[in-house]
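The values are calculated or read from the model by the stated rules, or taken from the named source; none is laboratory data. Please read all numbers here as calculations on a predicted model, not as lab measurements. Virtual Cβ from ideal backbone geometry, glycine too; neighbours counted across all protein chains shown.
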Amino acid sequence: MTEFTKRPKGQGIVRIQSYAEGKLFADFPIEQYDTAILHYQDRSVVVKHISRRSDGALEGTLVGFEPPAMEWGDLKTDDTVTFLEDEIFAASKKD
């Protein structure tokens, strides 16, 4: 399993979702988000198709890096990666 950077203690996941006027933001489980942003070495890693495994870890498909690249270190686009919730820096959800 690739070791992604852990979020600093006390820093929550930045959750981005559509806002409907007059409604409260809902706190969805991370596997219901469309994308998650992880950090690996000095790159941000974008992951989609997130699911939770029976052991509690998360899994998804790596779709890109920022700054853009097709691969970085041991990772490349279209890899299936396993990660923990405390390695997610941001997540976005479309309605």
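One line per residue, one yes/no per condition, for (1) farther than 17 Å from E87 by Cα; (2) among the polar types (S, T, N, Q):
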residue	(1), (2)
T5	no, yes
R15	no, no
I37	no, no
H49	no, no
E71	yes, no
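Pairs are defined by a Cβ separation below 6 Å, a sequence spacing of at least 6 or placement on different chains, a first member in region 1-28 that is surrounded by 15 or more Cβ atoms within 10 Å (Cβ to Cβ), and a second member that is of a type in the set (S, T, Y) and at pLDDT 85 or above; the pairs so defined are F4/Y40; I16/S92.
Restricting attention to region 71-83, the residues that are in contact with a strand residue (DSSP E or B) (Cβ under 6 Å, 6 or more places away or on another chain) and either of a type in the set (F, W, Y) or more than 18 Å from H49 (Cβ to Cβ) (or both) total 2.
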